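Trainee: First the structure, which I've put down as structure tokens, then a few questions once you've had a look.
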Amino acid sequence: LSRRWLVDTRLAQQIHDAAVETALDPELAFRVVNVESQFKARATSPVGAIGLAQVMLPTARAYDPDITRAELYRPEVNLRIGFRYLRELLDQHHGDLKLALLTYNRGGVAVQNELALGLDPSNGYDTKVTRGYTGTARIKKRVASR
């Protein structure tokens with residue numbers, strides 16, 4: 001995966017491990033990080049999304065109430081929270097990858113409002129992430145051997 005996505009081995013390992021830990025398909029995880037931040041740990045969006053997985057601070061605080069902006073720039077923290085959030089969205093949307101990705105990108109209120117109006121909430125993000133993707137999004141979590 002490091003060679004395929006042209007990222008250093010350490011970062012590729014962090015992405016892979018965080019994905020597996022949250023039972024998210026590593027291929028999908030790499031795609032999300034590529035689209036969100038182009039693998040730049042210091043990325044910050046105009047609306048304040050932070051790091052590799054472009055996590056908003058209020059979203060991160062739902063998982064760790066004491067987290068700081070500075071901590072969200074740490075790859076292992078950012079990936080763990082971002083992938084956990086995406087995995088929970090997949091579960092909430094009963095495996096519907098399109099809706100999970102759109103909610104991850106646009107927020108739940110925006111997506112639900114458009115659905116309630118009978119509109120397609122897609123803004124192209126879901127297509128950008130999944131173009132050529134044939135995986136299942138979720139994987140079984142590995143159990144540590146003793």
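The values are calculated or read from the model by the stated rules, or taken from the named source; none is laboratory data. Everything numeric in this text was worked out from a predicted model, so none of it was measured. Cβ atoms come from the backbone with ideal geometry, glycine included; neighbour counts cover every protein chain shown. Ligands, DNA and RNA are excluded from the accessible area calculation, which covers all protein heavy atoms including side chains. Shrake-Rupley method; radii C 1.70, N 1.55, O 1.52, S 1.80 Å.
Trainee: Counting heavy atoms of the protein chains only and a 1.4 Å probe, report the per residue accessible area for the stretch 91-139 as a whole number of Å².
Mentor: On the way: 2860 Å² over 49 residues.
So the stretch 91-139 comes to 58 Å² accessible per residue, rounded to a whole number.
Trainee: Something else about it: Just flag the chymotrypsin sites (Phe, Trp or Tyr not before Pro) in the stretch 60-103 sitting in loop per DSSP whose Cβ has no more than 12 other Cβ atoms within 10 Å. Numbers along the way, then the final one.
Mentor: Working: sites: Y63, Y73, F83, Y85; in loops: Y73.
Here no loop site has a sparse enough neighbourhood.
Trainee: Calculate what fraction, in whole %, of the accessible area of the chain sits on carbon and sulfur atoms when a 1.4 Å probe is rolled over the protein chains. Intermediate results must be reported in sequence, preceding the final value.
Mentor: Values: 4240 of 8250 Å².
Whole-percent figure for carbon plus sulfur exposure: 51.
Trainee: Could you tell me which of rounded, prolate or oblate describes the chain, using a ≥ b ≥ c as the square roots of the eigenvalues of the alpha-carbon gyration tensor, with rounded for a/c under 1.5 and, failing that, prolate when a/b is larger than b/c and oblate otherwise? Provide the component values of the computation, followed by the final result.
Mentor: Details: a/c = 1.45, a/b = 1.24, b/c = 1.17.
It is rounded, given that a/c, with a ≥ b ≥ c, falls under 1.5.
Trainee: Select from G135, G124, G48 the residue whose mean-square fluctuation is largest in a Gaussian network model of the chain (Cα-Cα springs shorter than 10 Å).
Mentor: Evaluated over the chain, the most mobile residue of the options is G124.
Trainee: I've got another one for you. Ignoring ligands, DNA and RNA, what accessible area per residue does the stretch 9-73 give at 1.4 Å, in Å²?
Mentor: 45
Trainee: Also: Over the stretch 1-111, what relative contact order in percent results from Cα pairs under 8 Å that are six or more residues apart?
Mentor: The normalised contact order for the stretch 1-111 reaches 20 percent.
Trainee: Okay, moving on. What residue among L101, L24, L115 shows peak mean-square fluctuation when the chain is described by a Gaussian network model with Cα springs under 10 Å?
Mentor: Looking only at L101, L24, L115, the biggest GNM fluctuation is shown by L115.
Trainee: Cut-off 10 angstrom, C-alpha nodes, Gaussian network model of the chain. Which of A70, A43, A53 fluctuates the most?
Mentor: In the Gaussian network model the winner is A70.
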